[in-house]
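The values are calculated or read from the model by the stated rules, or taken from the named source; none is laboratory data. Just so you know, these numbers come straight off a predicted model, no measurement behind them. Reconstructed Cβ throughout: ideal geometry from the backbone, glycine too, with neighbour counts over all protein chains shown. Please note that ligands, DNA and RNA were not included when accessible areas were found on the heavy atoms of the full protein model with its side chains. Shrake-Rupley method; radii C 1.70, N 1.55, O 1.52, S 1.80 Å.
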Amino acid sequence: MEERARIPVSLPRPNPTTSYWQEPPDEIANLQSTKALPKHADYVIIGSGISGAAIAYNLLEKKPNSSVLMLEARQACSGATGRNGKPTLLI
């Protein structure tokens with residue numbers, strides 16, 4: 001674990017593979033609700049995966065008048081949440 005923690009944090013890799021289920025991209029994949037980033041937000045969420053989406057949902061349910069800014073490096077759910085899993089056959 002310590003060796004992995006020493007790996008420098010960097011920007012996402014260029015030209016990542018696209019998950020099969022994300023072709024073609026959904027209409028919200030590149031959704032940007034404002035032309036420019038707001039100067040103020042009550043909450044800023046980095047990442048639109050399952051954790052970021054769940055946090056945004058719960059914040060807006062509990063505090064509907066708050067402003068939530070979600071930042072994503074690429075398309076919605078394009079990181080680990082959007083990766084294909086190995087199908088399992090259950091009998």
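Observations, loosely collected:
- Loop sites in the range 1-30: GluC sites (Glu not before Pro), DSSP, at most 14 other Cβ within 10 Å: Glu27
- Excluding ligands, DNA and RNA, the accessible surface per residue across the range 26-81 is 78 Å² with a 1.4 Å probe.
- Across every pair of non-identical alpha carbons in the chain, the mean reciprocal distance, once inverted, gives a Kirkwood radius of 15.7 Å.
- The chain: angle of helix 50-62 to the longest principal axis, Cα-based, in degrees nearest 10: 30 degrees
- Working from the Cα coordinates of the range 35-78, the gyration tensor eigenvalues give, after taking √(5λ), semi-axes of 17, 15, 6 Å in decreasing order.
- Measuring only protein heavy atoms, the 1.4 Å probe finds Ile28 accessible over about 100 Å².
- Computed extension gain for Thr34 through Thr17, at 0.36 nm per residue and net of the alpha carbon distance, reaches 3.4 nm.
- Length gained when the stretch Arg6-Val68 is fully extended (0.36 nm per residue, less Cα-Cα span): 19.1 nm
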